[in-house]
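Structure first, then comments.
All of the numbers you see were taken from the coordinates with simple rules; none came from a lab. What you see is a predicted model; the values in this text were computed from it and never measured. Backbone-built Cβ (ideal geometry, glycine too); neighbour counts: all protein chains shown.
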Amino acid sequence: VSGVDAFRMQRLRPLTESEEHYRAIVENASDLISTVDLEDRLTSVNAAFERILGSSRDELLGRPLADLVAPEYHHLLHDALVSKLDGSSDRTRYDIEFVAANGTRVPVEVSSWIIRENGVPVGVQAICRDVRERRAAEQAIHDADRHNRELIESLPLVTYEERWRSEEHTSELQSHHD
């Protein structure tokens, strides 16, 4: 190894270590992370994307993203890409549902942006957050609120009147006492 080659290797080592570091972050993220080319074909996916959709990386790469998205959300994918490409937005955020290999729908929040090489758009990168647990919690809160409302509405009006009279009587007694 010549001195020039050793010097290059020494200069490239931090870049290689940095790339490995970021690759490990992406690969170990709990959010689904992917890239697609401008023809909307998957070019990379992380482990969470594979696990949550129930397909291997080999099964996913090269596949149209639209194949994995519920049909009623296809227009959102298209609109988001157009708005990024025409410059009206740098990033887009929207909600869609993926359809996993077993047919299960997976609601996600998507944040995506254009990938550029030498200033030219070549694809899109996206981070998708699985919101199933949050949606279940929101539904539980909604159900509890509805139950509480029904319970309150079923209480006899007398309960409120008696409490009001009791409070009114207490304040009258206190004012006479003062």
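For the peptides 38-46, 67-75, residues were scored by their other Cβ atoms within 10 Å and the scores averaged per peptide; the highest-first order is 38-46, 67-75.
Would you please put 119-130, 139-150 in order of how densely packed they are, using the mean number of other Cβ atoms within 10 angstrom per residue and starting with the highest? Before the final figure, lay out the partial values.
On the way: 119-130: 15.7, 139-150: 9.9.
Those peptides, ordered most packed to least, come out 119-130, 139-150.
Remark on Val131: its backbone amide H falls under 5 Å from those of Val108, Glu109, a criterion applied only to residues 5 or more positions apart or on other chains, H modelled at 1.01 Å from N.
May I ask you to derive the FRET efficiency for Ser30 and Leu155 from their Cβ-Cβ distance with R0 = 41 Å, giving the value to the nearest 0.05?
Details: r = 44 Å, r/R0 = 1.08.
The value I calculate is 0.40.
Between Asp95 and Val110, the built amide H atoms are under 5 Å apart, and every one of these is 5 or more places off in sequence or on another chain.
Taking label points 7 Å from Cα along the Cα-to-Cβ direction, Glu117 and Glu72 give a separation of 3.8 nm.
Around the amide H of Arg63, modelled in the peptide plane, lie the amide H atoms of Leu42, all under 5 Å away and 5 or more residues distant in sequence or on another chain. Could you state the number of Å between the C-alpha centres of the stretch 94-139 and the stretch 27-43? With the stretch 27-43 and the stretch 94-139 each reduced to a Cα centre, they are spaced 9 Å.
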